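The values are calculated or read from the model by the stated rules, or taken from the named source; none is laboratory data. This one's a predicted model, so the numbers in the text were calculated from it and none came from an experiment. FYI the Cβ positions are ideal-geometry reconstructions off the backbone, even for glycines, and counts take in every protein chain you see. These area figures cover heavy atoms from the full protein model, side chains too; ligands, DNA and RNA do not enter into them. Shrake-Rupley method; radii C 1.70, N 1.55, O 1.52, S 1.80 Å.
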Amino acid sequence: MTRRHRPSRAAVLVAGLGLALLATSVPARADRGGAPADPGGAAGSTPLPGYEVVLPDLEPVTVDGEESRVTTGVRANAGYAIEKPARWNGELVMWAHGYRGTGTTLTVDPPGFGLRERLLEQGYAWAASSYARNGYDVGTGVTTTHDLARFARSVLGAPPSRTYVAGVSMGGHVIGRSLEEYPNFYDGALPMCGVLGDVELFDFFLSFNLAAQELADVDAYPFPADYYPTVSSGIQTELGLSAVTPNTPFAPVTDPRGAQLRAATTELSGGERPGALVGFAAFQDFLFTLGQADDGGSLALNPGRVAQNLDTTYAPNRPVDLQDGIERVAPADPAARTTRRLDAVPVIDGRPKVPTLTLHGLGDLFVPFSMEQAYAEDVADNGQQDLVVQRAIRSVEHCEFTPTEVGTAWDDLTTWVESLDNRRARGPVGTRGGPRGRAETPRGRTVARPAGDVVLDPAVVAERTYGCTFTDPTSQRSSRLALQAVSGPCPAGSSVYDD
């Protein structure tokens with residue numbers, strides 16, 4: 001596995017590079033439709049110009065014969081939903097959604113993967129914001145989620161004793177920066193398939209397309225308006241990749257240059273690992289769609305401005321010498337790439353300060369596994385690796401997790417947070433390193449740090465059984481079966497779910 005050099009945040013820095021608004025508490029179904037009008041003219045109670053808010057239609061969840069209470073409305077120019085179980089445990093979970101495209105309709109998602117129901121059954125309240133803007137606007141996600149968490153106190157009737165944050169994809173970027181933007185506000189985090197490598201995601205998109213162009217001997221950067229599908233289809237034909245599709249992941253790549261692109265993509269996205277071959281088949285056409293011309297609008301609509309490949313290492317270098325021949329591109333907006341401000345594509349330092357448990361699919365190339373590796377490096381640089389547990393899932397599609405995988409991660413995270421809180425209340429912990437990551441104290445008390453996967457050792461990541469430990473063996477998704485056909489099934493007893 002070839003890892004790109006990720007400069008220290010200090011080096012990058014030196015290089016230059018309240019209002020309670022309209023809400024409706026309902027014991028039954030929340031009203032659905034456009035955002036309600038704002039009779040009082042309160043700032044932020046309507047969407048920003050050009051946007052509309054569509055509030056969710058959520059049936060209450062019945063737990064032990066009692067219905068939850070759903071509250072929806074608009075504040076800080078964003079739609080929101082808050083749900084409180086009849087028997088609230090006093091804790092709150094914020095849900096951070098992923099990328100929604102560039103449309104003008106703002107919508108609110110409840111926690112996915114069966115997590116909404118699990119939270120309510122366990123007594124947790126949850127809240128989710130639409131964010132005030134679409135596009136790749138992490139800064140807006142960070143501020144609107146934090147604002148809603150504070151506002152939720154008035155809806156819940158009391159300040160939460162703990163506040164967690166969970167989410168997916170771009171929501172993982174929101175989470176990573178939220179933990180640093182508001183230190184000690186959140187008590188624990190569950191980012192899944194998250195963009196924890198911040199700007200390096202856009203480096204990956206750029207590198208894939210530049211490598212494909214170099215191998216096909218096509219000069220198409222800056223990207224022309226007809227790059228996809230006109231130019232890109234020609235590149236795929238030239239490299240013998242046209243037959244490789246999500247439905248035909250095992251189609252042979254007879255042109256050695258096409259095989260080189262597949263191998264280089266594997267290296268750029270996290271190194272040799274189970275799922276990489278199937279992931280390439282599933283995503284290679286999609287990755288060409290990300291080579292888009294800058295329209296001159298905002299950074300949120302053109303996040304590729306932060307991308308560069310000046311220090312990217314390309315391998316393998318046969319039959320074409322990619323490392324020496326590829327076009328090198330500096331970021332079009334170097335200030336946006338390196339600023340410490342909370343902008344659309346903000347930096348994550350790797351200072352979570354609270355327990356953070358991540359899940360990531362090995363075959364996902366929309367947000368590749370390399371995002372976990374970049375985050376692990378940053379966290380280690382800051383000496384906070386004891387606060388981060390990462391789990392690899394043998395899946396291919398973006399954010400492809402089962403309720404079992406997510407529910408287990410959630411339970412492990414909350415047990416970890418609660419054990420840390422108990423430890424702090426009782427005094428300092430002694431030595432670390434008990435079985436399955438548990439930290440032993442002189443009096444026998446433990447910190448239930450969950451087990452995770454090693455993500456920075458290329459030999460470990462490349463093992464045929466990598467990712468088996470936390471992957472739900474009962475999943476029959478076709479993409480997972482295709483991964484299994486390539487890598488082989490997980491051995492009996494290798495999963496935490498095996499009896």
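Brief remarks follow.
- Cβ-Cβ distances below 7 Å connect the following pairs, each with a first residue in region 150-169 that is open to solvent by 10 Å² or more (accessible area, probe 1.4 Å), a second residue that is assigned to a strand (DSSP E or B) and acidic (D, E), and a separation of six or more residues or different chains: P160/E91; S161/E91; R162/E91.
- Every test in (1) within 16 Å of L365 (Cβ to Cβ); (2) surrounded by 14 or more Cβ atoms within 10 Å (Cβ to Cβ) is passed by Y314 save one, and that test is (1).
- The set of residues in region 388-407 that are in a helix (DSSP H, G or I) and open to solvent by 40 Å² or more (accessible area, probe 1.4 Å) comprises P403, T404.
- Members of region 125-165 that are over 24 Å from K353 (Cα atoms) and of a type in the set (F, W, Y): Y131, Y136
- Any hit, region 105-113, residues being of a type in the set (G, A, S), open to solvent by less than 20 Å² (accessible area, probe 1.4 Å) and modelled with pLDDT of 95 or more: no
- Residues in region 287-310 that are part of a helix (DSSP H, G or I) and in contact with a Pro (Cβ under 7 Å, 6 or more places away or on another chain) were compared, and the one that is surrounded by the most Cβ atoms within 10 Å (Cβ to Cβ) is V306.
- Only listed residue being part of a helix (DSSP H, G or I) and over 25 Å from G467 (Cβ atoms), chosen from A336, A330, A263: A336
- For region 438-464, a residue qualifies if it is open to solvent by less than 30 Å² (accessible area, probe 1.4 Å) and at pLDDT below 70, and the qualifying residues are A439, T441.
- Within region 217-249, the residues that satisfy the criterion of being closer than 18 Å to F283 by Cα, modelled with pLDDT of 95 or more and either open to solvent by less than 30 Å² (accessible area, probe 1.4 Å) or outside any helix (DSSP H, G or I) (or both) are Y227, S232, I235, Q236, L239, G240, L241.
- Scanning region 84-100 for residues that are within 26 Å of V367 (Cα to Cα), surrounded by fewer than 22 Cβ atoms within 10 Å (Cβ to Cβ) and out of contact with any helix residue (DSSP H, G or I) (no Cβ under 8 Å at 6 or more places or on another chain) turns up at least one hit.
To keep it simple, each residue is scored yes or no on (1) open to solvent by 70 Å² or more (accessible area, probe 1.4 Å); (2) modelled with pLDDT under 95; (3) within 22 Å of M94 (Cα to Cα); (4) of a type in the set (D, E).
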position	(1), (2), (3), (4)
G33	no, yes, no, no
A37	yes, yes, no, no
G41	no, yes, no, no
P49	yes, no, no, no
S68	no, no, yes, no
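- The lone criterion from (1) more than 18 Å from the chain's Cα centre (by Cα); (2) closer than 25 Å to P346 by Cβ left unmet by G172 is number (1).
- Counted residues, region 250-286 - those being open to solvent by 10 Å² or more (accessible area, probe 1.4 Å) and more than 25 Å from the chain's Cα centre (by Cα): 9
- When A374 is tested against (1) over 16 Å from the mean Cα position of the chain (by Cα); (2) crowded, with 19+ Cβ neighbours inside 10 Å, just one condition goes unmet, and that condition is (1).
- Criterion violated by V165 - all others in (1) among the aliphatic types (A, V, I, L, M); (2) part of a helix (DSSP H, G or I); (3) within 28 Å of E67 (Cβ to Cβ) satisfied: (2)
- Summed over region 465-499, the residues that are hydroxyl-bearing (S, T, Y) and surrounded by fewer than 21 Cβ atoms within 10 Å (Cβ to Cβ) give a count of 8.
- Residue within region 186-204 that is touching a Ser or Thr at 6+ places or on another chain (Cβ under 7 Å), of a type outside the set (K, R) and open to solvent by 20 Å² or more (accessible area, probe 1.4 Å) present: yes
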